[in-house]
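> Quick one: the structure is below, questions incoming.
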Amino acid sequence: MGMTMTQKILAAHAGLDHVEAGQLVMAKLDRVLGNDITTPVAIREFEKLGVKDVYDKEKVTVVLDHFVPNKDIAAAIQCQQCRNFCNEHEIVNFFDVGQMGIEHALLPEKGLVVSGDCVVGADSHTCTYGALGAFSTGVGSTDMACAMAIGKLWFKVPSAIRFELKGELQPHVTGKDVILHIIGMIGVDGALYRSMEFTGEGVSSLSVVDRLTICNMAIEAGGKNGIFEVDQKTIDYVHEHSLREPVIYKADEDAVYEKTYEIDLSTIRPTVSFPHLPENTKTIDEVGEVKIDQVVIGSCTNGFYENIEEAASILRGRKVAKGVRCIVIPATQEIYLKAMKNGLLEDFIKAGCVVSTPTCGPCLGGYMGVLAPGERAVATTNRNFVGRMGAKTSEVYLASPATAAASAIEGKIASFEPYV
């Protein structure tokens, strides 16, 4: 019986020739990630273990990205705990204010994840790195503590669902529209504890950013992880960002999948997810009249440079609608700097937007864009649960950067098509 991409990576990291779905394995880890919310809990558990040091000072990675610069005293204390721990244990890849970015954009940019890696992070959207052909998944802070101590974790090998992609996306339709389409099709539990494996000739038409976006939201379909077949785009990206060589795992021809979905990318329309679940999707042709109060363009899902550039191209020379707040958040300092050099920040500010330092803040209702009761936001983020971005009676509509930018101009959910 053949193995999927995910199963091959887990087998290799467990030192086994073969694994099967449902099997328990202890796998070595190439990277362990935490942020300013989850790391303090992991630190407390790590200290209870009684170990003297982390398993690898280079592979343990801490990114302060949720509430930095600190929004209040509690956030400041959490970050202080992280700083003290990372200084004490000489953590090489510690990213604080001025160097940090949104973690799931920062790690690929810094070349800290490459194809074939086995990565865990105390953040549910750690599944992002499957875009590079890695196995990556979110874990709890207790698991992070154990991982920091011994560099290994137990995994139940997931079964898999294959998504066979064909065709090419229409202009300005993006990976965000693809994953919202898929979640709308299979539901928020449609891939529960399964590996979502993307293959087919259509993969080559997707940018690496499209793939990062799609894998980021695998968890919103219940997936254990998302992973793309490695191609030349992947290899070029890895070589551009990392000194490590990618290790490529291709699924066997007789690999077992629970289901296979064929998706023609050319048929996908701009898609919006309505409150209060990512599966509540409608195409832009079906949304009707939905007035909004706020737009957020950014996050670990859509804060990459090509996302920011696309939004700027629509807002350039236009104005945000009266009564709408538009917040733009480049995902890393490097993206911020590139956007500044290329005049995108000027485009945003002239349009009436505000531009923030990299942060996860508004995505989880923390700061930099919390919603009041009854307010509505279009966001390029990845979750729209009840109260996700603020008050329990507020509403979040998930969309692509292009749709979000057009909506900011119109003051309601709107198509970008008249602007491109």
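The values are calculated or read from the model by the stated rules, or taken from the named source; none is laboratory data. Worth saying up front: this structure is predicted, and the values here are computed from it rather than measured. Don't worry about glycine lacking a Cβ; one is built from the backbone with ideal geometry, like all the others, and counts go over all protein chains shown. These area figures cover heavy atoms from the full protein model, side chains too; ligands, DNA and RNA do not enter into them. Shrake-Rupley method; radii C 1.70, N 1.55, O 1.52, S 1.80 Å.
> In the stretch 361-376, how many are touching a helix residue (DSSP H, G or I) at 6+ places or on another chain (Cβ under 9 Å) and aliphatic (A, V, I, L, M)?
Summing the residues that are touching a helix residue (DSSP H, G or I) at 6+ places or on another chain (Cβ under 9 Å) and aliphatic (A, V, I, L, M) in the stretch 361-376 gives 3.
> Could I ask something else about it? If we keep just the residues of the stretch 337-389 that are farther than 23 Å from THR281 by Cα and polar (S, T, N, Q), which is surrounded by the fewest Cβ atoms within 10 Å (Cβ to Cβ)?
ASN342
> May I ask you to list the residues in the stretch 203-226 that are in contact with a Ser or Thr (Cβ under 9 Å, 6 or more places away or on another chain) and among the small types (Gly, Ala, Ser)?
Answer for the stretch 203-226, where residues must be in contact with a Ser or Thr (Cβ under 9 Å, 6 or more places away or on another chain) and among the small types (Gly, Ala, Ser): SER207, ALA218, GLY223, GLY226.
> Taking the options ALA27, ALA12, ALA21, name whichever one is closer than 24 Å to ILE91 by Cα and of a type in the set (Gly, Ala, Ser).
Result of the check over ALA27, ALA12, ALA21: ALA27.
> Only one residue in GLU220, GLU201 is of a type in the set (D, E, K, R), open to solvent by 30 Å² or more (accessible area, probe 1.4 Å) and over 15 Å from ALA160 (Cα atoms), so which one is that?
The unique qualifying residue is GLU201.
> Please state which one of VAL230, VAL296, VAL290 is open to solvent by less than 30 Å² (accessible area, probe 1.4 Å) and in contact with a Leu (Cβ under 9 Å, 6 or more places away or on another chain). Walk me through it before giving the result.
Values: VAL296 fails: in contact with a Leu (Cβ under 9 Å, 6 or more places away or on another chain); VAL290 fails: in contact with a Leu (Cβ under 9 Å, 6 or more places away or on another chain).
Going through VAL230, VAL296, VAL290 in turn, the sole match is VAL230.
> Within the stretch 204-217, which residues are open to solvent by 10 Å² or more (accessible area, probe 1.4 Å) and part of a helix (DSSP H, G or I)?
Selection gives SER204, SER205, VAL208, VAL209, ASP210.
> Looking at ASP189 and the list (1) in a loop (DSSP other than H, G, I, E, B); (2) under 23 Å from ILE9 (Cβ atoms), which single condition is not satisfied?
It fails just one condition, (2).
> Separate question: Anything in the stretch 142-171 that is among the charged types (D, E, K, R) and within 20 Å of ILE9 (Cβ to Cβ)? List them, or say none.
ASP143, LYS152, LYS156, ARG162
> Looking only at the stretch 157-179, how many residues end up being in a loop (DSSP other than H, G, I, E, B) and open to solvent by less than 10 Å² (accessible area, probe 1.4 Å)?
The number of residues fulfilling the criteria is 2.
> From the set of residues in the stretch 31-46 that are charged (D, E, K, R) and either at pLDDT below 95 or crowded, with 23+ Cβ neighbours inside 10 Å (or both), which is nearest to GLY138 (Cα to Cα)?
For the stretch 31-46, the residue satisfying everything is ARG31.
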